[in-house]
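Written below as structure tokens is the structure these notes are about.
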Amino acid sequence: MSTQTPTVHAVPQLDVHAIRQQFPILGEKVHDRPLVFLDSAASAQKPNAVIDCMANTMRHQYANIHRGLHWMSERTTEAYEGVRDLVADFLNAPSREEIVFTRNSTEAINLVAHSFGALLKPGQAVLISQMEHHANLVPWQMLRDWAGIDLRVAPITDDGDLDIEAYKALLADGKVALVAITHMSNVLGTITPAKQIADMAHAAGAQVLFDGSQSVVHHKTDVQALGADFYTFTGHKLYGPTGIGVLWGRRDLLEQMPPFLGGGDMISTVTFEHSTWANIPHKFEAGTPAIVETIGLGAAIEWVNKIGFDGIAAHEADLTTHALQRLATVPGLNIVGHPRVRGGVVSFTMADVHPHDIATLLDRNGIAIRAGHHCAEPLMRRLGLSATARASFGIYTQKEEIDVLADTLVRIRDFFV
Amino acid sequence: MNTSTTERDALYDRLIVERARAPLYAGRFEEADARGDGRNPLCGDKTHLDIVLNGHHIQDIKHQTRGCAICTAAADLMAEHIRGGSVAQALELSGRFRAMLVEPPPSVVVDDQSASLGTLEVFAPLRSHKARIRCAELPWIALKEAFSHVDG
Ligand SMILES: Cc1ncc(COP(=O)(O)O)c(C=O)c1O
């Protein structure tokens, strides 16, 4: 064998079989069929690395953090705070103090709506897009109603891309203080041109928040290269536990913002008359946090890092291409959204078969997908639909599973038509 | 479907598929004595009922349903069952239909005429599909709403 180094950068192939062995749930049967799990965009399954780490924390090294003067508390605090370093590195954040732990993405966005929102003045505006999850829509409506700001909505094209010209026009009067847009749509799969969105926002004097709930799972995230001011994600979609999410925010912004929740851990001094706030990030972390879940998120990030985003992104791009090809051969099937750049999420409808009937019949065959409005009702209305079926892919998804999906969809259509 | 026919086909009885594809009581009446709407905010399904009454007698009924097969067939079979009867009979049937979906099946089969729900029994397997019970109930919710405006 030649030892010559290849001139082309080779993308590492994932050993999907070996990866699957690390997810005990993938060996389960549903309705006597092997589980075909195509709903990772709703929540991903958990590898042994995460399960064992959390169980071992509770078995061997657990106490409340930041408060105890004893060995267990100090070790647990180290483990918890160590995850802040991991997350800072994961997002390429300039500093660990800019990482705020929340319950999920929803809470991270609510935190910004509340605390950054408190700095806004009537007449200023927040700009979102038509393809937002309710998590990045409802908090801004609530802010609009109590702060008297405007809420603007940038349209999407029929293909499911952000309409950049319209976006530019909505920024033009300089009143937009914050752009809050998804980095990847959970319905259309669209990966938005984040750098361009951020540059245009900054040129118009606005800050920008990206909802990274879907996108951090599929490729390497670099908040500095994107030019983001805020970035959020949620642990359970990243092969980690529920109950833990992340807000990254630029230091100067976080320092200006008032706290979100009040209580223990977020204060510096307290008298009956008055309290002063702890420094960031603790100012935003009131009360005992999700200690075990945060440590579990750390295990998930280390596990994903070990596999590497080059391999993950290539695997998921391959699966998505295969899915689009296979689904196109199913009679009556219509893919919803044809964005320029997309991740591993494919929504579809079928002539004469309602998405809920599709989901129920797939489930009878052990195939788990999601059907409904996917927490994006205004987007559904924009698309002229009431619901779609959605298959989504993860690290452990196999091409054969997509084939099973496509074959079963053909039979479902035969059954109904 | 050609595999594992047993349970799957028990859930989607042929009658459900047929009525979803070609409902017999779909449409609107321009003049109706009672109208009702049902909406499932979780999935966006909706059904609208137009009812022609003669006193407390249901002379005719049509439904306009945008929903899944189970919801559409449930609306159509409901219309078929309550047409020609009284408002009180329809409400009584509604109670028994709901009981069939949410209550455990009786361990002893009492083959009593009045307990039979006829073709509505095609929905009985939903008992083990909690997430879909709402689909079959939606038209009955709309019916209740329609009758709430009828003084009785
Ligand atoms: C794009 C997007 N944003 C936000 C969320 C909310 O995530 P969570 O429910 O974990 O807060 C989700 C997932 O449901 C999502 O897909």
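Place +1 on the Cβ of every Lys and Arg and -1 on the Cβ of every Asp and Glu in chain A, take the dipole about the Cα centre, and give the residue among A:ALA278, A:PRO331, A:THR234 whose Cα lies farthest towards its positive end.
Final value for the positive-end residue is A:PRO331.
Dipole size in debye (nearest 20) for region B:3-147 around its Cα centre, Lys and Arg Cβ +1, Asp and Glu Cβ -1?
In debye, rounded to 20, region B:3-147 gives about 520.
Quick check on region A:51-306: of the DSSP beta bridges with both residues there, what percent are antiparallel, nearest 5%?
Here the antiparallel bridges make up roughly 45 percent for region A:51-306.
With every protein chain left in place, what is the accessible area of A:GLU107 in Å² (1.4 Å probe, nearest 10)?
Ignoring ligands and nucleic acids, A:GLU107 comes out at about 40 Å².
In Å and from the alpha-carbon atoms only, list the Rg and Dmax of region A:258-417.
Radius of gyration, then largest Cα-Cα span, for region A:258-417: 22.5, 71 Å.
Counting pairs of alpha carbon atoms under 8 Å apart in space and at least six apart in sequence, what relative contact order in percent does chain A give? Walk me through the numbers before you get to the answer.
On the way: 800 pairs, mean separation 94.4, N = 417.
Relative CO of chain A lands at 23 percent.
Accessible surface of A:TYR62 in the full protein assembly, 1.4 angstrom probe, to the nearest 10 Å²?
Accessible area of A:TYR62: about 110 Å².
Evaluate peptide A:355-362: per residue, the Cβ atoms of other protein chains within 10 Å of its Cβ; return the mean as an integer.
6
Going by a ≥ b ≥ c, the root eigenvalues of the Cα gyration tensor, does region A:51-306 fall in the rounded group (a/c under 1.5), the prolate group (a/b larger than b/c) or the oblate group? Before the final figure, lay out the partial values.
Working: a/c = 2.34, a/b = 1.44, b/c = 1.63.
It comes out oblate by the Cα gyration axes.
Can you pull out the cysteines in chain B that have no other Cys Cβ under 4.7 Å?
Within chain B, the cysteines lacking a partner Cβ under 4.7 Å are B:CYS43, B:CYS68.
Counting pairs of alpha carbon atoms under 8 Å apart in space and at least six apart in sequence, what relative contact order in percent does region A:329-404 give?
Details: 80 pairs, mean separation 23.1, N = 76.
This gives 30 percent for region A:329-404.
Take the residue pairs A:LYS283/A:LYS306; A:LYS29/B:LYS130; A:LYS237/A:LYS283 and return only those whose Cα atoms are more than 22 Å apart. Spell out each step's value before the answer.
Numbers: A:LYS283/A:LYS306 32 Å; A:LYS29/B:LYS130 20 Å; A:LYS237/A:LYS283 26 Å.
Over 22 Å Cα-Cα: A:LYS283/A:LYS306; A:LYS237/A:LYS283.
Once you place label points 7 Å from the Cα toward the Cβ at B:PHE29 and A:GLU377, how far apart are they in nm?
Label at B:PHE29, label at A:GLU377, 3.1 nm between them.
Using a 1.4 Å probe and ignoring any ligands, DNA or RNA, find the accessible area of A:TRP146 and quote it in Å² to the nearest 10.
Number for this one is 150 Å².
Name the residue from A:LEU247, A:PRO24, A:ALA299 whose Cα lies farthest towards the positive end of the charge dipole of chain A, charges +1 on Cβ of Lys and Arg and -1 on Cβ of Asp and Glu.
The residue sitting most towards the positive pole is A:PRO24.
In Å², and per residue, what accessible area does region A:154-293 have when probed at 1.4 Å with the other protein chains present?
Per-residue accessible area for region A:154-293 comes out at 36 Å².
In peptide A:337-350, what is the residue-averaged number of other protein chain Cβ atoms found within 10 Å of each Cβ?
0
Using only DSSP helix segments of four residues or longer, with each worth -39500 (n - 2.57), what per-residue ellipticity at 222 nm results for the protein assembly as shown after dividing by its residue count and rounding to 500?
Details: 19 runs with 225 residues, N = 569.
Calculated mean residue ellipticity at 222 nm is -12000 deg cm²/dmol.
Given the C-alpha centroids of region A:197-254 and region A:43-73, what is the distance between them in whole angstrom?
About 26 Å separates the Cα centre of region A:197-254 from the one of region A:43-73.
Over the whole of A:386-392, what's the average partner chain Cβ count within 10 Å per residue? Rounded to a whole number, please.
Per residue, the number of nearby Cβ atoms from other chains is 2 on average.
Order these peptides, B:75-82, A:13-20, by their mean beta-carbon neighbour count within 10 angstrom, highest first.
Working: B:75-82: 23.2, A:13-20: 14.0.
Averaged packing, sorted descending, gives the order B:75-82, A:13-20.
Rounded, prolate or oblate: which fits region B:15-152, taking a ≥ b ≥ c as square roots of the Cα gyration tensor eigenvalues, rounded meaning a/c under 1.5, else prolate when a/b beats b/c?
Oblate, because a/c is 1.5 or more while a/b does not exceed b/c.
Stretch A:LYS220-A:GLU78 to full length: gain in nm at 0.36 nm per residue minus the Cα-Cα span?
Fully extending the segment from A:LYS220 to A:GLU78 adds 48.5 nm.
Give the residue from B:LEU91, B:GLY36, B:HIS56 lying farthest towards the positive end of the charge dipole for chain B; charges sit on Cβ (+1 for Lys and Arg, -1 for Asp and Glu) and the dipole is referred to the Cα centre.
Positive-most Cα among the choices belongs to B:GLY36.
Can you grab the distance from the C-alpha centre of region A:338-352 to the C-alpha centre of region B:29-81, Å, no decimals?
The distance from the Cα centre of region A:338-352 to that of region B:29-81 comes to 33 Å.
With the contact rule set at Cα under 8 Å and sequence spacing of 6 or more, what percent relative contact order holds for chain B?
Worked out over chain B, it gives 29 percent.
What net charge do the residues around B:PRO104 carry, taking every other residue with its C-beta under 14 Å from that of B:PRO104, with Lys and Arg at +1 and Asp and Glu at -1?
Local net charge: +2.
Given the protein assembly as shown, report the % of alpha carbon pairs whose separation exceeds 37 Å. Intermediate results must be reported in sequence, preceding the final value.
Working: 70754 of 161596 pairs.
Considering the protein assembly as shown, 44 percent of its Cα-Cα pairs are separated by more than 37 Å.
Need one number: the % of Cα-Cα pairs in region A:9-75 sitting beyond the 13 Å mark.
76 percent
Any idea how far apart A:VAL417 and A:ASP15 come out in nm if each label point goes 7 Å out from Cα toward Cβ?
Distance between label points: 4.3 nm.
State, to one decimal in nm, how far the label point of B:HIS57 lies from the label point of B:GLU145, with both points 7 Å from Cα in the Cβ direction.
2.9 nm
Collect residues whose amide H, placed 1.01 Å from N in the peptide plane, falls under 5 Å from the amide H of A:LEU127; neighbours closer than 5 in sequence don't count.
A:ARG152, A:LEU178, A:VAL179, A:ALA180
Decide, for region A:101-181, between rounded, prolate and oblate: order the square roots of the alpha carbon gyration tensor eigenvalues as a ≥ b ≥ c, take rounded if a/c falls under 1.5, and otherwise choose prolate if a/b is larger than b/c, else oblate. If you can, show how the numbers build up before the last one.
Details: a/c = 2.35, a/b = 1.24, b/c = 1.89.
Oblate.
Give, rounded to the nearest 20 debye, the magnitude of the charge dipole that region A:201-348 has about its Cα centre when Lys and Arg contribute +1 at Cβ and Asp and Glu contribute -1 at Cβ.
On the way: 9 positive and 13 negative charges, 104 e Å.
The calculation lands at about 500 debye.
The values are calculated or read from the model by the stated rules, or taken from the named source; none is laboratory data. A quick note: this is a predicted structure, and the numbers were derived from the prediction, not measured. Cβ: placed from backbone, ideal geometry, glycine included. Neighbour counts: every protein chain shown. Calculation scope for accessible area: heavy atoms of the full protein, side chains included, ligands and nucleic acids excluded. Shrake-Rupley method; radii C 1.70, N 1.55, O 1.52, S 1.80 Å.
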